[in-house]
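Read through the structure below, which is laid out as structure tokens, and then see the notes.
The values are calculated or read from the model by the stated rules, or taken from the named source; none is laboratory data. These numbers were taken from a predicted model, which means no experiment stands behind them. Don't worry about glycine lacking a Cβ; one is built from the backbone with ideal geometry, like all the others, and counts go over all protein chains shown.
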Amino acid sequence: MNNPQDNFISSFFKLESAGGIILMLSSVLAMICANTDLNYYYSMFLDTPVEVRVGPLEVAKPLLLWINDGLMAVFFFLVGLELKRELLEGELADKRNIILPGVGALGGMVIPAIIYLYFNIDDPEAARGWAIPAATDIAFALGVLMLLGPRGPTTVKIFLTSLAIFDDIGAIIIIAGFYTEDISVIGLIVVACCLPILYLFNKKGVEARSVYLLIGVIMWTAMLKSGVHATLSGVLVAMFIPMRSTINPDYSPLSSLEHDLHSVVAFFVLPVFAFANAGLDLTNVGLEDLTHNVPIGIALGLILGKQIGVFGCCLLAIKLKLTQLPQGMSWTTLYGTAALCGIGFTMSLFIGSLTFDAENMVKVFDERLGIIVGSLVSGIMGFMILKYSLPKPQKNKVDG
């Protein structure tokens, strides 16, 4: 006899919105821990020292940094797999489908950064956070979209996903170009030596995951020691996973690995990251914290910058006849989707941790306040706009 509880759990995890819901619950749990008597244990948990040593090679970090540098490398590995698949065989394989989300993503990164810099350009330390509102959290955005049920058209989901892929490419470029520490040449040499090995594996049709995993761990460690952010190793390794099997052309090692990793990332990696980074202590937050230029710049960058950047650039591209509005989308639907892009949460927290959470840095602000407010307002606005602009589902008529 089937257990109704088991059926409910199984059905929940099959929902496309499940990842976003768990991400939200993890964030709420982090806020509860940070603002109750649990805060001591929460902080102690994140500060737990974790050390791995092999001979003279040592990697010693608090648990928080293992999560941010290690688990997020798995997330970026999945991003790399999705990017490669989309460009070779997915929606983005057709160049006509690239223009609109590509232009929208570009505007959605540039305009929020400009708005942020408008408030913080006079403070060199604060100005370093210009990339924080440029990010979009696709898991949360799709989670909100799925709350509309069957009213949410497939074209909106495809557009939002495609735009998020370009947004991720932008985030990868930003992290690689602007968030590097003192460069270690030896570390980069090791990374450079790994690339031709991966290329050889790819050309020889090697499909064993363990081989790529081993080289990936070596690359991650070398990149961590090099000063370039270690998460980028995940993207590099993903580019060499074979798209098609040489033995069975109908089988895709890349798609299979992507499928297996999707649940791990959605239900473990991102929720753990959110739990570790979203614990904002609100007990001493006053008006001066809410009105500080950094949180204000981030919040307005996510709320206004994304809407103006995504919608405005898409509108311009369509009016210039460079592309066209996707079938099934109206201008209002496009605007609501642009508002959803203002949910920066996970990626914004990640870039914020790279920008402002350096050791020995004294902050008079908490960038997470702007990220949470901006993402929350954007999610509500996007949901409400789409709810009232999309046609209501037709009720089945019973013939009399």
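Below is a table of values for the structure above.
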read-out: Flag for Leu325 being hydrophobic (A, V, I, L, M, F, W, C), outside any helix (DSSP H, G or I) and surrounded by fewer than 23 Cβ atoms within 10 Å (Cβ to Cβ); value: yes
read-out: Given (1) crowded, with 19+ Cβ neighbours inside 10 Å; (2) at pLDDT 90 or above, index of the condition Ala266 fails; value: (2)
read-out: Odd one out for Ile174 among (1) surrounded by fewer than 16 Cβ atoms within 10 Å (Cβ to Cβ); (2) closer than 26 Å to Thr355 by Cα; value: (1)
read-out: Breaking point among (1) crowded, with 16+ Cβ neighbours inside 10 Å; (2) touching a residue at least 60 places away in the same chain (Cβ under 8 Å); (3) over 22 Å from the mean Cα position of the chain (by Cα), for Ala299; value: (3)
read-out: Among the residues listed as Gly107, Gly102, the single one being in contact with a Gly (Cβ under 6 Å, 6 or more places away or on another chain), closer than 26 Å to Ile298 by Cα, at pLDDT 90 or above and not aliphatic (A, V, I, L, M); value: Gly107
read-out: Boolean, Val144 is over 22 Å from Ile98 (Cβ atoms), touching a residue at least 60 places away in the same chain (Cβ under 8 Å) and not basic (Lys, Arg); value: yes
read-out: Condition met for Gly352 (within 20 Å of Gly129 (Cβ to Cβ) and at pLDDT 90 or above); value: no
